[in-house]
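Please read the structure below before turning to the comments.
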């Protein structure tokens, strides 16, 4: 039997995993779904030379970093460095999305849950909640974003309403003579 929790060698008791940590058993199942990386890739119209550039980040570290981001809500650029750079994680996330990795993992998880617990596929529900704002209505006045609009301003009684002093004309157009 494969344990989902890694063993702590000092006490020989299973160590409890954080919600973002990837166990060995989970990684063995995910590894089969992740497509292999190609060595020659194109970026900015140039081809990577064999052995040139940085070595690629391990797929398990990248997968663990993506799970960390999804579980904690961390920003891509604020991810701990043990997972790799945020740019690398985001790039690989997009590549795996295009390759259908996440869809295959979702389908495998739903199929496994269906075998273990059973899903009643005929029954579905959508849940929502709507209600009135208890302090809203006429007492609050107009929407704050509409309060500064020109149409809501009242004209001063002792001045004329604002308007251009000269009629509008296009560049290069001569002004019309008076009386025309």
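The values are calculated or read from the model by the stated rules, or taken from the named source; none is laboratory data. Owing to the predicted nature of the structure, the values given are computational and were not obtained by experimental measurement. Cβ atoms come from the backbone with ideal geometry, glycine included; neighbour counts cover every protein chain shown.
Miscellaneous remarks
- Filter pass, residue 73 being surrounded by 11 or more Cβ atoms within 10 Å (Cβ to Cβ) and either under 13 Å from the mean Cα position of the chain (by Cα) or modelled with pLDDT of 90 or more (or both): no
- Restricting region 1-47 to residues that are modelled with pLDDT of 80 or more and assigned to a loop (DSSP other than H, G, I, E, B) leaves a set whose member that is surrounded by the fewest Cβ atoms within 10 Å (Cβ to Cβ) is 36.
- Residue check for residue 89: in contact with a helix residue (DSSP H, G or I) (Cβ under 6 Å, 6 or more places away or on another chain) and either at pLDDT below 80 or under 30 Å from residue 70 (Cβ atoms) (or both): yes
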